[in-house]
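Undergrad: This is the structure, below, for whatever I ask next.
The values are calculated or read from the model by the stated rules, or taken from the named source; none is laboratory data. Just so it is clear, the structure is predicted and the values come from calculations on it, not from any experiment. Here the Cβ is made from the backbone with ideal geometry for all residues, glycine too, and neighbour counts use every protein chain on show.
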Amino acid sequence: MSPPVPTSWEAITASWLGAALGVSIDALNVTPFDEDRAFLGRLARLEAATADGPLSAVAKLPTTSPGGRAVGEMLDVWNREARFYDELAHRVDVSVPARLYAASDGDDHILVLQDLAPAASGSELEGATDSQAALTVEALGALHGPWWGKVTTEAPDWLPRLSSDGVSVLPDIWAHNLPAFLRRYEHVTTQRSRSTVQAFVPQGAAWIAETARGAMTLAHADPRLANLMFDDDRVWLIDWQTAMATHGCTDLAFFMATNIGIEDRRANEADLLDRYAAALAASGAPVGPAEVRHEYRRAILWWMGMLGSNLATIEPDAPGQEMFDAMIERLFTAADDLDVDQLLS
């Protein structure tokens, strides 16, 4: 019989973890991470003493924020991540932590994963280093390549598609939230980039329809530095709560345009796009560098709409606002640098 699903760290005891993992645990230390490590959840490191030696794992519980819970339930993120580890993790060509335990009971969920320490995430505020950026785009290519053009027929039905009904309503939400976003982030955007997103939002439905007619792949959909763990020459992708079927360049554009400093992106952009294209080719994906560059530019428009909506009303603490400012400045600067407004009709 499975143990009850815990709703707090206090409920994760040595006896609970022992029952969940099927091992005898003599002692357990639960250390919660900082709350800003996960937008829709809570994380804690579990350090246990067992008869076979020390055991270390990371546990995930849903957020306690009412707004976060509502978003998470609407997107089904906790079930989606558990299903990813059960059904897809062994089918991807990238490093992901092992799932040790998962359980749900109504709106309560827990996921226990392999502890990847000493691997560590990068700094979203400082931006990816050159080596982190290279490792990440190559990993994204390795993730996307084997599923390119196949995900809609080979992935399970629970994986959301870009063509899903819930995606088609996004442009209306963008339009509603955009004025507040433009007021809040005017200080880190240019007049040209603000005009670009204002012109794109009414064309968002057409963008989605055109992209959905193309080759989809399995995408992480949130490859920011907080969800990437680096250990020497290896990168691990964590937090698969928003995995979906979409164009691979949406992952690529989100990482490159928001998680790399502006000058570093400008200096390394061509090389990083070539690395991604080479990783796709090595995986057998029928896509070349020219298409990668085109879809990368198109995907920047997608993220202008998405972040222009998602960040419109969030009021983080000062460090969080500094990080959001950096992400938006990088993204909207990339839009200007790459002349994405020329893609609009």
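Undergrad: In this structure, does residue 147 turn out to be surrounded by 16 or more Cβ atoms within 10 Å (Cβ to Cβ) and not polar (S, T, N, Q)?
TA: Spelling it out, residue 147 is indeed surrounded by 16 or more Cβ atoms within 10 Å (Cβ to Cβ) and not polar (S, T, N, Q).
Undergrad: While we're looking at this one, here's another question. Is it the case that residue 164 is hydroxyl-bearing (Ser, Thr, Tyr) and under 27 Å from residue 80 (Cβ atoms)?
TA: Yes: the conditions hold for residue 164.
Undergrad: Something else: Could you say which residue among 215, 226, 245, 219 is at pLDDT below 95, surrounded by 16 or more Cβ atoms within 10 Å (Cβ to Cβ) and either in contact with a strand residue (DSSP E or B) (Cβ under 7 Å, 6 or more places away or on another chain) or not assigned by TED's automatic domain parsing to the domain that holds residue 333 (or both)?
TA: Only one candidate passes the filter, namely 226.
Undergrad: List every residue pair whose Cβ atoms lie under 9 Å apart, where the two residues are 6 or more positions apart in sequence or sit on different chains, the first residue falls within region 302-328 and is assigned by TED's automatic domain parsing to the domain that holds residue 225 and closer than 17 Å to residue 169 by Cβ, and the second residue, located anywhere, is small (Gly, Ala, Ser) and assigned to a helix (DSSP H, G or I).
TA: 302/204; 302/253; 305/204; 309/175; 312/180
Undergrad: Tally time: how many residues in region 150-172 are among the β-branched types (Val, Ile, Thr) and surrounded by 16 or more Cβ atoms within 10 Å (Cβ to Cβ)?
TA: 3
Undergrad: Something else now. Identify the residue in region 229-241 that is surrounded by fewer than 18 Cβ atoms within 10 Å (Cβ to Cβ) and touching a residue at least 40 places away in the same chain (Cβ under 8 Å) and, among all such residues, is nearest to residue 58 (Cα to Cα).
TA: Out of the qualifying residues, it is 231.
Undergrad: Of everything in region 113-135, what is closer than 13 Å to residue 96 by Cα and crowded, with 19+ Cβ neighbours inside 10 Å? Give them in sequence order.
TA: 113, 116
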